[in-house]
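Encoded as structure tokens, the structure appears first; notes follow it.
The values are calculated or read from the model by the stated rules, or taken from the named source; none is laboratory data. This structure is a prediction, so every number in the text was calculated from the model and none was measured. Glycine also receives a Cβ, built like all others from the backbone with ideal geometry; neighbour counts cover every protein chain displayed. All accessible areas refer to the heavy atoms of the entire protein, side chains included, with ligands and DNA or RNA removed. Shrake-Rupley method; radii C 1.70, N 1.55, O 1.52, S 1.80 Å.
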Amino acid sequence: MSARAAPAGAIWGSAPFERIAAGAAASHEAVVRALDLVPGTRMLDVATGTGAVALRAAERGAVVTAMDIAPQLLDSARAAAREAGLAIEFCVADAEQLPFAAGSFDVVASAQGAVFAPDREAVARELARVCRPGGLLGLTCPIAAGFPFELARILASFRPGDREAWLRPFAWGDPAEAERLLGDEFALAFAELAAPFRIATPREGWGVYSKSFGPLAELVASLGPAGRAELRMRVLDLLGRDVTPDGVVAPRPLLLVVGRRR
């Protein structure tokens, strides 16, 4: 595992992710549907977080291995699998250095997970390496628009040295970049998904993200009182732009990437 893995895992595991994962359920359903899973399919869920995709795949009869860089998130995923009576193999691992033999899986998936790893080329190589010839790849990737992108730009302004890290995931949401990374090894197809962040009020939205999204929780903890107040105000303002009669409905566009291994 890379030297950055343990610190990154600690940050991602520093907050309970379940509420954010629940809000992205439509994207998890979309990627699982796109993979046409049948009982016995060997599937790897990369950067599983609290296990949303892995659980759905196992319910369809897939033989699922799920990995993540954050042990604390895997503990939550294991608990959810036990409660559902699902047999899933969980392991701590890094998306840049997957601990599996070449061609181990019929299907490889990641929903807004692997895109956060620093080395895009390494992640792309590993996704291809562990997927058997003729197997399927399914990814959901954030597009550089909407609430998550504007939130990332706000967070980057508070820690400019980490700007690239905050904005990195959105590169995967550009079909041209996805093709560059994966097109030599996979025949790719793309579709856009609308998975808005829905919450009752901007204040509740701030509460969910500041307490449940590890990187934001870590940033909040690192700021003084004035910095925390300014960050809160700016996020409340951002969410306030998307208030509707039904509460906050903040756009969260995603790119669904489905690939057939060459």
Handout entry: Residues of region 229-262 satisfying the condition of being more than 19 Å from LEU181 (Cβ to Cβ), of a type in the set (Val, Ile, Thr) and in contact (Cβ under 8 Å) with a residue 60 or more places away in the chain
Key = VAL235
Exercise for the section: Report, by residue number, each residue of region 197-255 that is of a type in the set (A, V, I, L, M), over 27 Å from ASP174 (Cβ atoms) and surrounded by 13 or more Cβ atoms within 10 Å (Cβ to Cβ). Expected result: ILE199, VAL208, ALA217, VAL220, LEU223, LEU231, LEU236, VAL243
Exercise for the section: Please give the helices (runs of 4 or more DSSP H) falling wholly within region 195-250 in which 1 or more residues are closer than 27 Å to GLY9 by Cα and among the aromatic types (Phe, Trp, Tyr). Expected result: 202-212
Fill in the blank from the handout: Of the residues in region 38-57 that are buried (at least 24 other Cβ atoms within 10 Å of the Cβ) and of a type in the set (A, V, I, L, M, F, W, C), the one that is nearest to VAL208 (Cα to Cα) is ALA52
Completion exercise
If we keep only residues of region 1-10 that are part of a helix (DSSP H, G or I) and out of contact with any strand residue (DSSP E or B) (no Cβ under 6 Å at 6 or more places or on another chain), then the residue least open to solvent (accessible area, probe 1.4 Å) is GLY9
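Each row is one residue, and each column tells you yes or no for (1) out of contact with any helix residue (DSSP H, G or I) (no Cβ under 8 Å at 6 or more places or on another chain); (2) open to solvent by 60 Å² or more (accessible area, probe 1.4 Å); (3) not small (Gly, Ala, Ser).
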site: PHE149; (1), (2), (3): no, no, yes
site: GLU164; (1), (2), (3): yes, yes, yes
site: PHE170; (1), (2), (3): no, no, yes
site: PHE190; (1), (2), (3): no, yes, yes
site: ALA195; (1), (2), (3): no, no, no
Exercise for the section: Run GLN72 past the list (1) open to solvent by 60 Å² or more (accessible area, probe 1.4 Å); (2) without any contact (Cβ under 8 Å) to a residue 40 or more places away in the chain and report the number of the one that doesn't hold. Expected result: (2)
